[in-house]
Amino acid sequence: MKNKNAVILTLLFMMTVGAVFADLLSEDFTDGIPESWTVINNDGDGKTFVSPGAYNIGGDDKKHASGMGCHDDYLITPALSLTNNNLVFKAGVESSNKPYSFEVMISSTGNNVEDFTIIPGQVYTDYAVSSWSEGEHTVNLSDYSGETVYIAFHVTYSSSSYYNFAIDDVSVEEILAYDLQLTKISDDKIIASGSSDVYLTEIKNKGISEDVFNLTAVSSSDWNVSIWNKDQTEEISSVSLEADASDSIIVKIDVPIEGVNNQDVDILTLYATSAGNPAVSDSVSYETSAIVPLSELPYEENFDSLEEGLPFGWTQVKNEGSTGWSLKVNSSYTDYAYSPEKCLYNYDSYSSEIDDWIFISPVSLEAGSNYKFSAMMKNNSGSSSVAVQIGYGASANPDEMIIAQDIPDYQGTDYNLVSALVNPETSGSYVFGIHLISNTTTWFGVDDVILEEAFANDIKMKNLSYEEDVYFENNQIELNADVYNNGSEIQNDVTVTFKYGENVIGTVNVDSVEPGETESISIEWSAVAGLETVLSAITQEDDNLDNDIATALIDVYREGWLAESFENEFPPLEWANTEIENSSWEKDTDSAVQGSSSAKIRSIYERRSYLAGKARLITPKLIINQDSEISFFASRHDTTNTLKIEYSSDKEMFTEIQEVNLTQEYEKYTVSLGDIPEGNYYISFLGETGTSYGQKINIDMVTGPEIYLPEDPIFEITPNISEKEFDPQNLDADPQSQSFVIRNSGSGSLEMDESDIALIGDDADQFVMEFDDIEFPVSLAYNETLPVTVKFMPSSLGQKNAVLNIQDNLERVIHTVNFSGLATPAVPVPVSPVNDTMNVPLDHVISWINGPETEFIDLYLDTVNPPVIKVLDRVAPQESFSAELEESTKYYWKVVNYASIEDSEYVRSSSVQIFETVLPENIIQAGNGNEVNKGLPVDPYYGYSYSQSIYLQSEINRESSVIEKIYYHYNGAHEFGDEIVLYMGHTDKTEFSSNSDWIPLSSMTQVYAEVYNVSATDGWYGIELDSPFVYNNTDNLVIAFDENTDGYHSSNDEFYCTSFETNRSLRYRDDNVNADPEYPENGALIKAVPNVRLEFGEMNNAPTIDFGDFNVVFNENTESETFNFSQYINDVDENDELILTAENSEHITASIDGFNVVFSASENWSGTETLTFTVDDQARKL
């Protein structure tokens, strides 16, 4: 008790002392420079200390004492009565390239300039510290103890009047016998799960006595932490320091590999406590963000989704003086990015000190696998003094990087692909980095970073493009694409197919492409009308199917319809430009949506003022009907600018259709012309600007109805091709087709009869011509069309050819299209058992239908997917097979057909079919659906779950049986094991009525309480019950599933269920609260039950033992005779092995050998006692 009182008195004493020795001064200039301070502009130039400052230092809020541009200026504290004190202050400059010089002075006589002398050691020449954390200084004032003094900060030199210098956080503190300070050296970090990293902290003994400081570290997430000396050679729990000495401490943190998600945050706190005075302590905290290494490749980053900073998990290491890597967005003057808008950027300005690394997020790599890391890089200066390296290692540490690519003189002034191949020796988490070294003024760009699995044969299609323009149908457009060898082997005879939509434009063959090289190819396309048509360039399949296609969108307008982007002469052909007031529309080459030009009307400067511009820009005459509309892009300077859409039949009298509300940015507008009487009209854009500088309206990419043409009929067919070769097509495949449109692009009538359109040739019956509900003869008026479709529909194998003849009624010209296609074998069709059939009999005959002209077949039948075992191997065609099947087994089967066309053999395989054979007689299955996302019987994605499911008697119907084992069907997404408790019971419920309608725990029996394990394979996973359940086959069965393991698994982990129209299950799940089955929380009603299999055993009859009036008498200190108890035992189940046991009384013991029993008693004891005998048949069953 005395010790306890002594501790309390000591604490109280320390608290009192702490209150007495408060800081003499503590000023952070938050509210400006206090009136008690003195500022002297000694050189009289007007530049002196002020607060807040004009510019920040180190990103602060400018609330400091700023001495920007000072040359002979003083910042002086109030009078201070010193005892035994330290002066602590911070000093910083805005730029390390713009240093200042200053000195710290003291006076005990007054606060005039002549009163001050320099404190020894306090002259700071060419001071260039730009970080507050590095600019803290401590001055020992113990030599002035007992004096009342003023302290002055005297700026003596400034290298620039436009770069800031400041003093902040000035304090005068008592020098204590025991004191310490912890200072963070390391920044907060992002660390990969399953990895470790360290934080560096400086500890300083600020007291005047030698001291030992006890150290502890605590993780808010209970991650493993340890404390080490600065060399990491010894784990420590304390550090000893002389007075005013400092040392460094390493705290190591291990981020677990399991149970950690991306961006989980841990707060690591390091505590230090003085041994000399335990009341003296300090702490620092570090924030650790966990990142789960990427496991799915390819990983691609083009930075366009970022708003600021680096992608999550990316880090950089830069040398002092470098600005480092940052996000850069294209400007109106410079395209910094490769594609499309943003990139990473490093600019060394005039520092000549770039030696910077940028590291991507950690990735999981497998030993022995090949990987490729690549990025587009640009050296804007083109100087050979720029070096680039690509490295990889276990952590984002430049010293641990394995250099996989080293380019000592990278001169690429345009973006070029730089890549490196790696093959890690061990599996694990890795970090890739790009190292830039430069000693020249330049900016360097990095874009389109890709990490992918490397393949030997890998052709990547890239950069499908065409010259930007306004295209009409039948325009010849050159399509360009790049064929890049992304693999490690030379690729020969590479074929690239160009398509628009699903239609083939043509193919281009590339003889050879070296690894890492690009071949540029092109093809001419006769454009087909369509907006946002997908163009594609596709190469043949190789080891990597993810990059075999490049795509682009294109707009192709119908010939003769309005589509104008103002790229050529202005006004365009057949357009009119009518000035109304002061100005007319003109071509604007500084603003455009399509191409490089638009049309604009602007205000006009005249006689020292701006006049409104007003004019009409008028389209050609258009054919207008109730469905017509006109679309365009437009923008305006401000709301004083207006745009009206008008129509006219003669370009003299105009009627307003609509005034358009414009915005400052380009937007697309569509105006309906349906209210105009049908006919041919001119559409006018009436623009009127405001009356100030910069007022203007722009319009661009105007599209609309068909342009009115003369009356002569014109025959037109689209596409205008002379031949069409269909891709090879299986006999059973959906037919390929080629559609044509016959169009009258003139005003006269174009007459067509069915006989004018015909398929001819030996194989004409292998092609089919179709019309869309057309009744011949047809008469096509202006712009009316006749669609014709030719389909390839072969009925036999081999090459097929036919000719489409189309004859017009103008000059009786015959237009021909040659069709060809190769008919290839059909795929065999499985017949029985139907896929996913259950309870297939063991004598079932497997059947299928072979494709026409099949020569040989294979039949695969196996218990693995895909099936490997052939039960028929290249035999003559047959369409059935009797297999020897085993019960309760899932089988996979497929049929393969072989057929020949000329000298080539074709192989066709059916899809893999699945069936399951009948279950053993003692197993029944309830539910056979494939439903998931029901959370039944357990939801692995939640921390805890509890469910009850009702199975009807009609689904079980098993007389006098005991449930010994239960199975659930798991999808095999991942392997895991959870602690569970199972309950079973009888119920008259057929469904649950509400979310609280749980069946009471008292109505059920616990049958299992252990770990339930499932593996990463789709299948049924059994649970052998601890206590078999006797099912009465009268009531319905309820099964309750209680999962109690903290933590959760993947959202892909699912058990298969069957849906019903009633609420057959009640489910509760939560990440934090584990339901109590006796008093469960409200759940969710589910119209489903988990698929279940119940394995039954026979009902056991317990043996009986009956002694009747049998009693035993024997003498004191002797044994009884031997009694054979088998005569008293009865067992209906005659095959049971019975065991007889006895519960001895206090003084009498029964010795048992089989069924023979001998009694004995304690020495010298006599009397009467009762013994209990038990006979057990050892059955698990009740």
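Put in line by how crowded their Cβ is, counting other Cβ atoms within 10 Å and starting with the fewest, Trp585, Trp848 read Trp848, Trp585.
Couplings for the stretch 917-922, taken from phi via the Karplus curve 6.51 cos²θ - 1.76 cosθ + 1.60 with θ = phi - 60°, read 7, 4, 7, x, 4, 8 Hz in order; Gly and Pro are left as x. Neighbours of Tyr682 by Cβ distance under 13 Å: Lys/Arg scored +1, Asp/Glu scored -1, total -1.
Charges were assigned to the Cβ only: +1 to each Lys and Arg, -1 to each Asp and Glu. The resulting dipole of the chain about its Cα centre is roughly 3100 debye.
Per-residue 3J(HN,Hα) values for the stretch 302-319, derived from phi via the Karplus relation 6.51 cos²θ - 1.76 cosθ + 1.60 with θ = phi - 60°, read 10, 6, 6, 8, 7, 9, 6, x, 10, x, 4, x, 7, 9, 9, 10, 10, 7 Hz in sequence order (x marks Gly and Pro).
Summing +1 for each Lys or Arg and -1 for each Asp or Glu among the other residues whose beta-carbon sits under 14 angstrom from that of His137 gives -4. Think of the chain as having a plus end and a minus end, set by charges on the Cβ of Lys, Arg, Asp and Glu; of Asn730, Val790, Asn850, Val790 sits farthest toward the positive end of this dipole. By the count of other C-beta atoms within 10 Å, a proxy for reagent exposure, Lys378, Lys184 are ordered fewest to most as Lys184, Lys378. Of all DSSP-defined beta bridges confined to the chain, some 95% are antiparallel rather than parallel. The loop-placed GluC sites (Glu not before Pro) in the stretch 487-577, going by DSSP, that have at most 10 neighbouring Cβ atoms within 10 Å of their Cβ come out as Glu502, Glu541, Glu569.
In order along the stretch 35-45, the Karplus-derived 3J(HN,Hα) couplings, from 6.51 cos²θ - 1.76 cosθ + 1.60 at θ = phi - 60°, round to 5, 6, 8, 10, 10, 10, 8, 5, 8, x, 8 Hz, and Gly and Pro are given as x. Between Ala1161, Thr1141, Pro278, the Cα set farthest toward the positive side of the dipole of the chain (charges on each charged residue's Cβ, about the Cα centre) is that of Pro278. When the Cα gyration tensor is reduced to axis lengths a ≥ b ≥ c, the ratio a/c stays below 1.5 for the stretch 923-1098, which is therefore classed as rounded. The trypsin sites (Lys or Arg not before Pro) of the stretch 584-661 meeting both criteria, a DSSP state outside H, G, I, E and B (loop) and at most 10 other C-beta atoms within 10 angstrom of the site's C-beta, are Arg607, Arg608. Near Val386, once Lys and Arg are set to +1 and Asp and Glu to -1 for all other residues with Cβ below 10 Å from its Cβ, the sum equals -2. Dipole check for the stretch 427-580: with +1 at the C-beta of Lys and Arg, -1 at the C-beta of Asp and Glu, and the Cα centre as origin, the magnitude is about 240 Debye. Only helices enter this figure: runs of n ≥ 4 DSSP H residues, each worth -39500 (n - 2.57), summed and divided by the residues of the chain, yield -500 deg cm²/dmol at 222 nm to the nearest 500. By the count of neighbouring beta-carbon atoms within 10 Å, fewest first, Thr1141, Thr1034, Thr824 end up ordered Thr1034, Thr1141, Thr824.
Here, each number is a calculation from the coordinates, and none is a lab measurement. None of these values were measured; they are calculated from a predicted model. Virtual Cβ from ideal backbone geometry, glycine too; neighbours counted across all protein chains shown.
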